[in-house]
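Presented below is the structure to which this report refers.
The values are calculated or read from the model by the stated rules, or taken from the named source; none is laboratory data. Not measured: the values here are computed from a predicted model. Don't worry about glycine lacking a Cβ; one is built from the backbone with ideal geometry, like all the others, and counts go over all protein chains shown.
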Amino acid sequence: MDNLFNRKYIIQGLFIAVGLILVATLFYIQVGTDKYFISAESNVLRKIYTFPARGIIMDRNEKVLVQNEPVYDLMVIPNQVKEFDTTALCQIIGIDMKKFRKNFLKARNQSRYQPSIFEKQLSVQIYATLSEKLSRYPGFFVQSRTVRYYPDSAAGHFFGYVKEVSPTDIAESNGYYSPGDYIGKAGIERQYNNELRGEKGIVNMLYDVHNVPQGSYAEGKYDTLAKSGESVISSLDFRIQKLGEQLMKNKVGSIVAIEPSTGEILAFVSSPGYDPNLMVGRQQGNNYMDLIKNPNRVFNVRPIQGYYSPGSAFKPLDALLGLQEGVIDPNTTFNCPGYYQAGNHRLKCEHVDGNISLRRGLARSCNTYASYVFQKLITQRKYKNQHLAYDVWQNKVRKFGLGAPLDVDMPFERKGILYTSDEYTKKLGKYWGYTTVISLGIGQGEMNVTPLQMANIMAIIANRGYYVKPHLIKAIGEKKVIKKEYVKKNYVDVDARHFEPVIDGMQDAVNAPWGTARGSAIDNILMCGKTGTVQNPRGKNHSVFIGFAPRDNPKIAIAVIVENAGFGSAYAAPIASYLTEKYLKDSISVSKRANMEWIKNKEILPDPPKPKVRAKPKTADSAKTDTTLKTLPKKKTVTNLKPTTAAK
């Protein structure tokens, strides 16, 4: 009887234990983990993200520069994948088995139960073939998106490119981005990414047991539509943008053109350039590596990152400061014997000009005249010493936008180089004066600017004393919003009356028989400009030209730099003339077309860098060597050395 009683409680205990286990398991499945819920939900209902089309980008005349094309990402939920013909799938999507295993392992490591990208950006043609056979591949489905297409295959540095998000991008996006999403990484695509990207939508798609979509759940009641990104109107005039790129083909350098009255950038050329379509699609990574191998640094955005001495292009600015400070007037004359004597060294001039004043000094690009102006600015008696006078000078120069970023709407702008007196003292010691830094007067020495800064100086002179901050986007969205900072006038504190005599000299530089850019004059248009031949410590001098046109009511200010091309009148000035004429007249005169085509086809590239030669070990100074030794002692040799780990 006792055994029966004990057996009864044992059986009851077993039932209670089994019940508790079942309840605990059910609690774990429903509350403790979402693994089974996700798996079950994924069998019938999947949230398919619909990606918005990025906003289109237009030029100033509302010509569409960027379009969107449909592509398809093949998604996978690893836990749902069953045995199938992997070779057939690989053939359809164009990968090998090695890539298949790599992609599947990556997806499985990311999540066994959540969908992730298996192969991205399949074409419409591949998608059409795949969709017919998708039911054969359980666990796989397709998600659509759009990618960029640049119909003109130009302005790669302006557009930049879009790339898959990094972990940092995801972490900083406040939940917007997920692995496999795309974000602007360079150029305008990066700078205006938030405006261009739009908002993602969600489709709650029903699937049957054969992995075939059956339509949206509840007839789309719970779906949300994707919202396309804002369209933007750029300031570029694509007529001269393309012409500039053609003229700079097989050359290294930059062109920046600005509309002076608005600060809108009309041309933004960086050479060597690249086709922005190379940075789109499944071959993006390979194309990037090919481009980065170019020794001339394709991804260097030279208009805002290239550093150049302004050379003679700086002379108009320094003349303006001389007039404002009263150390010269338009009739002040200096004698040019073909050089300027600065202490114990000479600055050469290209000509022997004799007695020369401001107008002819600028037209002839006289180094001697410019050096005397700089000397007078730094040796003014109203300042306690030359260091203080120099700081006053460099602060006035900075008001023209040198030595600091102009804050153009493009990422990674560099500020240029312009020393303070303290920086010179740290570098040279306390005993320095104007003769030590006299090369600044002709735009050389410790002074570097970007092409954008040079073009902005021309915009200031064209406006007779102010500039509007340069920018590349003219308006955003349907309402065509313009940022307030891009309508404000920034004055440089030089009286308007001082600009006319400087402009007289720049007018003669292009239009007078003795001007350095006489060959670049434009029929019926008064173009004002300044050539420059900038010293290059690594090779042939750079060809530089800055200018604006027409003289009255200017419409375009321009800076052109062609590296290793010699005199400013040789390449930079003609290129600036062609772009200016194209912009103002929409054509190039017949007499100039032959030379324009010649420049297009001319190759001017720097010599490839020489391979580094390992320095030889230092030998004893022959003057200190004991010459009584007829022979040197023989070196001991060690044999049978095993290779080190490094050698292996």
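Could you list, in sequence order, all residues of the range 307-352 that are crowded, with 17+ Cβ neighbours inside 10 Å, among the hydrophobic types (A, V, I, L, M, F, W, C) and touching a strand residue (DSSP E or B) at 6+ places or on another chain (Cβ under 8 Å)?
Within the range 307-352, A313, F314, F334, C336, L347, C349 meet the criteria.
Please find, among N61, N68, the residue that is touching a helix residue (DSSP H, G or I) at 6+ places or on another chain (Cβ under 9 Å), surrounded by fewer than 18 Cβ atoms within 10 Å (Cβ to Cβ) and within 30 Å of I265 (Cβ to Cβ).
Working: N68 fails: touching a helix residue (DSSP H, G or I) at 6+ places or on another chain (Cβ under 9 Å).
Matching residue, one of N61, N68: N61.
What is the one condition in (1) assigned to a loop (DSSP other than H, G, I, E, B); (2) buried (at least 17 other Cβ atoms within 10 Å of the Cβ); (3) without any contact (Cβ under 8 Å) to a residue 60 or more places away in the chain; (4) among the aromatic types (F, W, Y) that Y390 does not satisfy?
Status for Y390: all satisfied but (1).
Among the residues of the range 39-54, is there at least one that is closer than 30 Å to L206 by Cα, touching a Leu at 6+ places or on another chain (Cβ under 8 Å), at pLDDT 80 or above and in a strand (DSSP E or B)?
Yes, there is a match, as at least one residue in the range 39-54 is closer than 30 Å to L206 by Cα, touching a Leu at 6+ places or on another chain (Cβ under 8 Å), at pLDDT 80 or above and in a strand (DSSP E or B).
Mind listing whichever residues of the range 573-599 are in contact with a Lys or Arg (Cβ under 7 Å, 6 or more places away or on another chain) and either more than 25 Å from K555 (Cα to Cα) or β-branched (V, I, T) (or both)?
Answer for the range 573-599, where residues must be in contact with a Lys or Arg (Cβ under 7 Å, 6 or more places away or on another chain) and either more than 25 Å from K555 (Cα to Cα) or β-branched (V, I, T) (or both): just I588.
Please pick out the residue among R359, R398 that is in contact with an Asp or Glu (Cβ under 6 Å, 6 or more places away or on another chain) and assigned by TED's automatic domain parsing to the domain that holds A572. Please lay out each step first, then the result.
Details: R398 fails: in contact with an Asp or Glu (Cβ under 6 Å, 6 or more places away or on another chain).
Just one listed residue meets the conditions, R359.
Rundown of residues vs (1) of a type in the set (V, I, T); (2) closer than 21 Å to M248 by Cα; (3) touching a residue at least 40 places away in the same chain (Cβ under 8 Å), yes/no style:
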| residue | (1), (2), (3) |
| --- | --- |
| I503 | yes, no, yes |
| N511 | no, no, no |
| N524 | no, no, no |
| M527 | no, no, yes |
| V534 | yes, yes, yes |
| P554 | no, no, yes |
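Could you list, in sequence order, all residues of the range 393-418 that are surrounded by fewer than 17 Cβ atoms within 10 Å (Cβ to Cβ) and among the small types (G, A, S)?
Correct list: A404 only.
Any chance you could count how many residues in the range 284-304 are surrounded by 15 or more Cβ atoms within 10 Å (Cβ to Cβ) and farther than 14 Å from P272 by Cβ?
So the answer is 4.
Out of the residues in the range 85-116 meeting the condition of being in contact with a strand residue (DSSP E or B) (Cβ under 8 Å, 6 or more places away or on another chain), not hydroxyl-bearing (S, T, Y) and not in a helix (DSSP H, G or I), tell me which one is surrounded by the fewest Cβ atoms within 10 Å (Cβ to Cβ).
Once the filter is applied, the top-ranked residue is I95.
Consider N355 against the criteria (1) surrounded by 15 or more Cβ atoms within 10 Å (Cβ to Cβ); (2) touching a Ser or Thr at 6+ places or on another chain (Cβ under 6 Å); (3) not hydroxyl-bearing (S, T, Y): it satisfies all of them except one. Which criterion is unmet?
(1)
Among the residues of the range 592-606, which ones are loosely packed, with under 10 Cβ neighbours inside 10 Å and either assigned to a loop (DSSP other than H, G, I, E, B) or touching an Asp or Glu at 6+ places or on another chain (Cβ under 6 Å) (or both)?
Across the range 592-606, the qualifying residue is only E603.
Suppose we filter N385, N448 for residues that are within 30 Å of I558 (Cβ to Cβ) and out of contact with any Cys (no Cβ under 9 Å at 6 or more places or on another chain); which single one remains?
Numbers: N385 fails: within 30 Å of I558 (Cβ to Cβ).
Every option except N448 fails the conditions.
Could you list, in sequence order, all residues of the range 289-331 that are in a helix (DSSP H, G or I), in contact (Cβ under 8 Å) with a residue 24 or more places away in the chain and within 27 Å of the chain's Cα centre (by Cα)? Break it down stepwise before answering.
Just the residues of the range 289-331 that are in a helix (DSSP H, G or I), to begin with: 289-292, 302-305, 311-325.
After this cut, where a residue has to be in contact (Cβ under 8 Å) with a residue 24 or more places away in the chain as well, the list is 302-305, 311-325.
Matches in the range 289-331: R302, P303, I304, Q305, G311, S312, A313, F314.
Looking at T262 and the list (1) within 17 Å of the chain's Cα centre (by Cα); (2) under 30 Å from V492 (Cβ atoms), which single condition is not satisfied?
Among (1) within 17 Å of the chain's Cα centre (by Cα); (2) under 30 Å from V492 (Cβ atoms), the lone unmet condition for T262 is (1).
Name the residues in the range 438-473 that are part of a loop (DSSP other than H, G, I, E, B) and either crowded, with 24+ Cβ neighbours inside 10 Å or modelled with pLDDT of 95 or more (or both), would you?
G443, T450, N463, R464, G465, K469, P470, L472
Consider E119 against the criteria (1) part of a helix (DSSP H, G or I); (2) modelled with pLDDT of 90 or more: it satisfies all of them except one. Which criterion is unmet?
(1)
Would you point out the residue of the range 351-366, among those that are among the small types (G, A, S) and not in a loop (DSSP other than H, G, I, E, B), that is farthest from A521 (Cα to Cα)?
Applying the first criterion (among the small types (G, A, S)) to the range 351-366 yields 354, 357, 361, 363, 365.
Right, trim to not in a loop (DSSP other than H, G, I, E, B) and you get 354, 361, 363.
Numbers: G354: 26, G361: 19, A363: 13 Å.
For the range 351-366, the residue satisfying everything is G354.
Going by the structure shown, is E132 closer than 25 Å to V165 by Cα and either outside the structural domain of Y49 (by TED's automatic domain parsing) or among the acidic types (D, E) (or both)? Talk me through it step by step, then tell me what you get.
On the way: closer than 25 Å to V165 by Cα: no; either outside the structural domain of Y49 (by TED's automatic domain parsing) or among the acidic types (D, E) (or both): yes.
Criteria not met by E132.
Checking G273 against (1) surrounded by 24 or more Cβ atoms within 10 Å (Cβ to Cβ); (2) assigned to a loop (DSSP other than H, G, I, E, B): exactly one of these is not met. Which one?
Among (1) surrounded by 24 or more Cβ atoms within 10 Å (Cβ to Cβ); (2) assigned to a loop (DSSP other than H, G, I, E, B), G273 violates only (1).
Please go through the range 567-591 and give me each residue that is in contact with a helix residue (DSSP H, G or I) (Cβ under 7 Å, 6 or more places away or on another chain), part of a helix (DSSP H, G or I) and surrounded by fewer than 22 Cβ atoms within 10 Å (Cβ to Cβ), ordered by number.
K582, Y583
Cβ-Cβ below 7 Å, separation at least six or inter-chain, first residue in the range 418-431 and within 13 Å of V397 (Cβ to Cβ), second part of a strand (DSSP E or B) and of a type outside the set (S, T, N, Q): which pairs?
So the pair list comes out as L418/M447.
Filter the range 474-495 for residues that are free of Cβ contacts under 8 Å to residues at least 60 places away in the same chain and surrounded by fewer than 11 Cβ atoms within 10 Å (Cβ to Cβ); which is nearest to N61 (Cα to Cα)?
The qualifying residue nearest to N61 (Cα to Cα) is K479.
Please enumerate the residues belonging to the range 61-84 that are among the charged types (D, E, K, R) and touching a strand residue (DSSP E or B) at 6+ places or on another chain (Cβ under 6 Å). So that I can check it myself, show each step before the final result.
Taking the range 61-84 first, the residues among the charged types (D, E, K, R) are 62-63, 69, 73, 82-83.
Matches in the range 61-84: E69, D73.
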